[in-house]
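Asker: Below you'll find the structure I mean.
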Amino acid sequence: MYTDKVFDHFSNPRNVGEMPDANGVGEVGNAKCGDIMKMYLKIENDIIVDVKFKTFGCGAAIATSSMATELVKGKSIEEALKLTNTAVVEALEGLPPAKIHCSVLAEEAIKSALADYYRRQGIDPEPIIGCTGNCECCHAHDHE
């Protein structure tokens, strides 16, 4: 059902924890499944120099959070904005169809943290990032 990479990232998640000096923090959740992801980014000169996450959810939610952090760490903001849930699934060598929504949340958590980073810089993030799935206008997205 789950690949070895999913088990590895669930059993040994990378970049777990909080980051008090983060300059971008994003939190997203899915009310249907109860998963909540919080991403912390430390960005210097448009490069993500550090990233941490805290996830409340199933093994797939933890694994996708871990993999997403690995995929953006050391990358430019521009590269991180191109992260897709499909890239997270491919890096994990697959997820069961019922767990694809976890990869969507991981993508949205990164984008939500980047949106927060832009807001802290006094820049409206929506023209750059688009909808992060965590906006007041839509309250909740159906990820399934």
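Asker: Residue check, K5 against (1) of a type in the set (K, R); (2) under 14 Å from V104 (Cα atoms); (3) at pLDDT 95 or above, all met but one. Which one?
Answerer: Every condition holds for K5 apart from (2).
Asker: Of these, G74, G17, G59, G26, which one is among the small types (G, A, S), farther than 24 Å from Y118 by Cα and touching a residue at least 24 places away in the same chain (Cβ under 8 Å)?
Answerer: Working: G74 fails: farther than 24 Å from Y118 by Cα; G17 fails: farther than 24 Å from Y118 by Cα; G26 fails: farther than 24 Å from Y118 by Cα.
Answer to the check: G59.
Asker: Find the residue count for the stretch 47-75, including only residues that are open to solvent by 40 Å² or more (accessible area, probe 1.4 Å) and of a type in the set (A, V, I, L, M, F, W, C). Let's see the steps before the verdict.
Answerer: Of the stretch 47-75, the ones open to solvent by 40 Å² or more (accessible area, probe 1.4 Å) are 47, 49-50, 52, 54, 56, 70-71, 73-75.
Right, trim to of a type in the set (A, V, I, L, M, F, W, C) and you get 47, 49, 56, 71.
Of the residues in that region, 4 qualify.
Asker: In this structure, does K54 turn out to be of a type in the set (D, E, K, R) and either modelled with pLDDT of 95 or more or over 19 Å from K5 (Cα atoms) (or both)? Please lay out each step first, then the result.
Answerer: Working: of a type in the set (D, E, K, R): yes; either modelled with pLDDT of 95 or more or over 19 Å from K5 (Cα atoms) (or both): yes.
Judged against the criteria, K54 is a match.
Asker: Also, I was wondering about something else. When only residues in the stretch 77-95 that are open to solvent by 20 Å² or more (accessible area, probe 1.4 Å) and in contact (Cβ under 8 Å) with a residue 40 or more places away in the chain count, which is farthest from K5 (Cα to Cα)? If you could, list the steps in order and put the result at the bottom.
Answerer: Initially, the stretch 77-95 is screened for residues open to solvent by 20 Å² or more (accessible area, probe 1.4 Å), giving 78-79, 81-82, 84-87, 89-91, 93-95.
Cutting the leftovers down to in contact (Cβ under 8 Å) with a residue 40 or more places away in the chain gives us 81, 91, 93-95.
Details: L81: 23, A91: 8, E93: 7, G94: 9, L95: 10 Å.
Per the criteria, the residue is L81.
Asker: Hey, does the stretch 72-87 have a residue that's more than 19 Å from V25 (Cβ to Cβ) and among the β-branched types (V, I, T)?
Answerer: Checking the stretch 72-87: at least one residue is more than 19 Å from V25 (Cβ to Cβ) and among the β-branched types (V, I, T).
Asker: Which residue is modelled with the lowest pLDDT, if the candidates are limited to the stretch 57-91 and must be of a type in the set (G, A, S) and in contact with a Phe, Trp or Tyr (Cβ under 6 Å, 6 or more places away or on another chain)?
Answerer: Within the stretch 57-91, the subset of a type in the set (G, A, S) is 57, 59-61, 63, 65-66, 68, 74, 76, 80, 87, 91.
Cutting the leftovers down to in contact with a Phe, Trp or Tyr (Cβ under 6 Å, 6 or more places away or on another chain) gives us 59, 63, 65.
Working: G59: 94, A63: 97, S65: 97.
Once the filter is applied, the top-ranked residue is G59.
The values are calculated or read from the model by the stated rules, or taken from the named source; none is laboratory data. Fair warning: this is a prediction, and the values are worked out from it, not measured in the lab. For neighbour counting, all protein chains shown are included, and Cβ atoms are generated from backbone atoms with ideal geometry for every residue, glycine included. For the accessible areas, the whole protein counts, side chains as well, though only heavy atoms, and no ligand, DNA or RNA atoms are used. Shrake-Rupley method; radii C 1.70, N 1.55, O 1.52, S 1.80 Å.
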